[in-house]
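Peer 1: Take this structure, written in structure tokens, and hold onto it; I'll ask about it next.
The values are calculated or read from the model by the stated rules, or taken from the named source; none is laboratory data. As the structure is a computational prediction, the values presented were derived from the model and not from experiment. Virtual Cβ from ideal backbone geometry, glycine too; neighbours counted across all protein chains shown. These accessible areas exclude ligands, DNA and RNA; they are computed on the full protein's heavy atoms, side chains included. Shrake-Rupley method; radii C 1.70, N 1.55, O 1.52, S 1.80 Å.
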Amino acid sequence: MEKRFQEILQEVINQPYSLPPQFFELIAGECRIEQVQKKQKLSEIGQANNSEYFLLEGVIHRYTLVEKGEFITTGFYVGPTILTPHFARTSGGRSIFSLQALTEVTVAEISATVLDELINTYNEIRRWEQKIIERKLKLNFVNEIRFRGNSAKERLIHLRDEFPNLENLVPHTCIASYVGITPVSFSRLRKELTHPS
């Protein structure tokens, strides 16, 4: 693994809980670096998937399909970050939503089975996994409350706070879908926020 990618991977892995170097090396030693082209899918609804992903660079969106092949974006991942763990992304080993690169992306991929073996063998790695789950769970609750209680304008403002440069990197249709409005309404909302009356 290139030194640059190893350094980013260490930063990603240590976000929820700082692992001692020997345990980081156990995980990193099982990872392979994958370059993903823009618009390429990492996983697709209904397809078998047995991977855990660490997003080193780039932007991925999580989406589900609705009628007539249209999609609803349900989340964004901006590197460096850890993607939703395998157990929460799959049912019966098959993906319950799709993951697609919105920019060129670099991921470190590890077999979920191999990572589970490390988790079950080492208490330090088990603690690290628990911190990841706690963090993702908290984020999901916060997002659920925000989406049930806030207007589209408030949701967009929060998204900008969370991912400041996102609108310059990804298609606005994905952001409009995530915020829960049409692309036309999204364009109006952007103008309103740029030039408040």
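Peer 1: Using helices alone, I'd like the mean residue ellipticity at 222 nm for the chain: each DSSP H run of four-plus residues gives -39500 (n - 2.57), total over residue count, nearest 500.
Peer 2: Dividing the helical sum by the residues of the chain leaves -14000 deg cm²/dmol.
Peer 1: For the stretch 11-123, what is the per residue volume of the convex hull drawn over the alpha-carbon atoms, in cubic angstrom?
Peer 2: In the stretch 11-123, the Cα convex hull volume per residue is 99 Å³.
Peer 1: Still on this structure, I have one more. If the limit is 27 Å between Cα atoms, which of Lys39/Lys131; Lys38/Lys68; Lys39/Lys68; Lys68/Lys191; Lys41/Lys136 go over it?
Peer 2: Violating the 27 Å limit, Cα to Cα: Lys39/Lys131; Lys68/Lys191.
Peer 1: May I ask for the percentage of alpha-carbon pairs in the chain that lie more than 29 Å from each other?
Peer 2: Counting every Cα pair in the chain, those more than 29 Å apart make up 26 percent.
Peer 1: With θ set to phi - 60° and the Karplus curve 6.51 cos²θ - 1.76 cosθ + 1.60, what are the ³J(HN,Hα) couplings of the stretch 122-135 in order, to the nearest whole Hz, using x for Gly and Pro?
Peer 2: Calculated HN-Hα couplings, in order: 10, 4, 5, 6, 5, 4, 4, 4, 4, 5, 4, 4, 4, 5 Hz.
Peer 1: If you plug each phi of the stretch 38-43 into the Karplus form 6.51 cos²θ - 1.76 cosθ + 1.60 with θ = phi - 60°, what whole-Hz ³J(HN,Hα) values come out, in order, with x for Gly and Pro?
Peer 2: Those phi angles translate into 3, 6, 6, 9, 7, 8 Hz.
Peer 1: Heavy atoms only, probe 1.4 Å: what % of the accessible area of the stretch 119-197 goes to carbon and sulfur, would you let me know?
Peer 2: With neighbouring chains kept in place, the figure for the stretch 119-197 is 53 percent.
Peer 1: What whole-number value in Å² describes the accessible area per residue of the chain for a 1.4 Å probe?
Peer 2: 55
Peer 1: Taking amide hydrogens as modeled 1.01 Å from N in the peptide plane, which residues meet the under 5 Å criterion relative to Glu57, leaving out close sequence neighbours?
Peer 2: Sorted by chain and number, the residues that satisfy this are Thr106.
Peer 1: Please report the equivalent ellipsoid semi-axes of the stretch 99-197, computed as sqrt(5 x eigenvalue) of the Cα gyration tensor, largest first, in whole Å.
Peer 2: Each semi-axis is √(5λ); the values are 35, 17, 11 Å.
Peer 1: Sticking with the crude label model, points 7 Å out along Cα→Cβ, report the distance from Glu144 to Gln35 in nm, one decimal please.
Peer 2: Result: 4.1 nm between the two label points.
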